[in-house]
Amino acid sequence: MYIVDLINKKRMNGKFNKNEIKYIVDSYVQGKIEDYQMSALLMAICINGLDSEETIYLTDAMLDSGDKIDLSSIPGIKVDKHSTGGVGDKTTLIVLPIVASLGVPVAKMSGRGLGYTGGTIDKLESIPGFNVNLNISDFINQVKKYNICIGTTTSSITPADKKIYALRDVTGTVSSKSLIAASIMSKKLATGADKILLDVKYGNGALLNDMNDAIDLAKLMVYIGNSHGKETRALITNMNYPLGNMVGNALEVKEAIDVLTGGGNKDLRDLCITLASYMVSMSKNSDFMSAQGEVLSSLRTGKAYQKFLELVKLQGGNINSINISSKIIEIKSTKSGFINNISAISIAEAALKLGSGRMTKNDTIDMSVGIETLKNVGDYVNIGDSLAKIYVGSKEIDYNIVLNAFEISDSKIEKEPIIYGIIK
Ligand code: URA
């Protein structure tokens, strides 16, 4: 087989068979295909696509490129949760303690943030001392004993995805639905859960802007998961505005605690309750309403918050020494009217420039900085009302980025709901 023939085949909109896809993935990992050849092939895939069969072959080839985690020694049905990424998405910090407090084992491998998308691991590391680098047997033992552990993915899991994703990131080939689906699902299948719940986001702060594209991606990932014998479901959720009121690592931990202790932003709380209820009902094979009843009771009684504190303690974190910057700039409205949107992408850009995220993989991040929105979509504001607080560190930014994120006008546009629907 020659890579140039395969590039030409996809350029001409041909269909790959299983052996061809395996050859491409294995040869690229082994360094037998050059980056410039793989880039051309990825671009041809972006333009002409892969059908669902080719996408499954790609998922399998990437899955087989590395280690697979065996969680079978942990009793119970393990459900994994994955978000396609968004601005202010701290749901894992809330949902996992809820479900673990209800006896559902959660063995979660999470990633770091890159670009506009934050990562759960960075958020957890804003808790001083929190250790995410557990070896696999400690990871499994903690879940067996306490139902919950969150660690980083190791480099031995889906190395093909790591290499291909890094190339996609710099060649404008991230947004292909087939490539996204194979990338995410190969990792989910490698980390060993029995069932998978996906949170597929659409909007200006998401990987895919258009809701119909998000629905297609969700259907593809649900098909891949189910084809591998793992019941998979996907919520379609809104990322035109940030999720919750806090964006920035330590701030997001604080907001997660607010929700776990009975307060917090309504959209964030509603989404967490829905995600947790699906996870509980999938794990216990119970109906959604009774699972939701359990979730609400765990939040009400403080069981979920106790589980969160237990997780932090088990992994060495000190919740009392989280550092949020005390240098605060308040942004005030220059208009009166209804807030019809708070642009997720603009808030993400401001947070990134403050230093809360990485422009490139090796950047260091400032855990203490970020943005707190003080008003929500749908609120009415007068001139001079406070819209947001910016928690500043060592980097100066143009504060107008935050001011202009607030789309204010005289007439009120109906707010798009946080959850659009579920794909089963
Ligand atoms: N997240 C992933 O893990 N892979 C993608 O391709 C896009 C987002």
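A few remarks follow.
- Within segment 92-114, at least one residue is under 17 Å from residue 164 (Cβ atoms) and either touching a residue at least 24 places away in the same chain (Cβ under 8 Å) or not assigned by TED's automatic domain parsing to the domain that holds residue 183 (or both).
- For residue 86: the one exception among (1) out of contact with any Lys or Arg (no Cβ under 7 Å at 6 or more places or on another chain); (2) within 16 Å of the ligand (Cβ to nearest atom); (3) open to solvent by less than 20 Å² (accessible area, probe 1.4 Å): (1)
- Within segment 235-262, considering residues that are polar (S, T, N, Q) and closer than 21 Å to residue 127 by Cβ, the one surrounded by the fewest Cβ atoms within 10 Å (Cβ to Cβ): 261
- A Cβ distance below 6 Å, combined with a sequence gap of six or more or placement on separate chains, defines the contacts here; from segment 373-386, residues that are over 20 Å from residue 344 (Cα atoms) reach residues that are open to solvent by 30 Å² or more (accessible area, probe 1.4 Å) in the pairs 382/336; 383/336; 384/332.
- Scanning segment 194-208 for residues that are within 19 Å of residue 274 (Cβ to Cβ) and either free of Cβ contacts under 8 Å to residues at least 24 places away in the same chain or over 13 Å from the mean Cα position of the chain (by Cα) (or both) yields 195, 196, 203.
- Within segment 263-308, the set of residues being crowded, with 18+ Cβ neighbours inside 10 Å and assigned to a loop (DSSP other than H, G, I, E, B) comprises 264, 265.
- Scan segment 6-24 for residues that are within 19 Å of residue 172 (Cα to Cα) and crowded, with 17+ Cβ neighbours inside 10 Å and the total you get is 2.
- Residues of segment 333-359 satisfying the condition of being free of Cβ contacts under 8 Å to residues at least 60 places away in the same chain and open to solvent by 20 Å² or more (accessible area, probe 1.4 Å): 346, 353
- Subset of segment 309-329 (residues that are in contact with a strand residue (DSSP E or B) (Cβ under 8 Å, 6 or more places away or on another chain) and in a helix (DSSP H, G or I)): 310, 311, 314
- Checked against (1) surrounded by fewer than 23 Cβ atoms within 10 Å (Cβ to Cβ); (2) within 16 Å of the ligand (Cβ to nearest atom); (3) over 17 Å from the mean Cα position of the chain (by Cα), residue 76 passes all but a single condition, namely (2).
- First in segment 152-169 and without any contact (Cβ under 8 Å) to a residue 24 or more places away in the chain, second anywhere and among the polar types (S, T, N, Q) and within 14 Å of the ligand (Cβ to nearest atom), Cβ under 8 Å, 6 or more apart: 165/183
- Helices (runs of 4 or more DSSP H) contained in segment 143-234 and holding at least 2 residues buried (at least 19 other Cβ atoms within 10 Å of the Cβ), within 11 Å of the ligand (Cβ to nearest atom) and hydroxyl-bearing (Ser, Thr, Tyr): 177-190
- Selection within segment 115-142 - open to solvent by 50 Å² or more (accessible area, probe 1.4 Å), in contact with a helix residue (DSSP H, G or I) (Cβ under 9 Å, 6 or more places away or on another chain) and of a type in the set (Gly, Ala, Ser): 129
- Among residues of segment 25-45, those that are under 18 Å from residue 182 (Cβ atoms) and open to solvent by 70 Å² or more (accessible area, probe 1.4 Å), counted: 1
- Complete set of residues in segment 95-116 that are within 13 Å of the ligand (Cβ to nearest atom) and out of contact with any strand residue (DSSP E or B) (no Cβ under 9 Å at 6 or more places or on another chain): 113, 114, 115, 116
- Subset tally (residues that are polar (S, T, N, Q) and in contact (Cβ under 8 Å) with a residue 40 or more places away in the chain) for segment 284-325: 8
- For residue 56, the requirement of being surrounded by 13 or more Cβ atoms within 10 Å (Cβ to Cβ) and either assigned to a loop (DSSP other than H, G, I, E, B) or at positive phi (or both) is not met.
The values are calculated or read from the model by the stated rules, or taken from the named source; none is laboratory data. This one's a predicted model, so the numbers in the text were calculated from it and none came from an experiment. Every residue, glycine as well, gets a Cβ built from its backbone with ideal geometry; the counts of neighbours run over all protein chains shown. Side chains included, ligands, DNA and RNA excluded: accessible areas come from the protein's heavy atoms. Shrake-Rupley method; radii C 1.70, N 1.55, O 1.52, S 1.80 Å.
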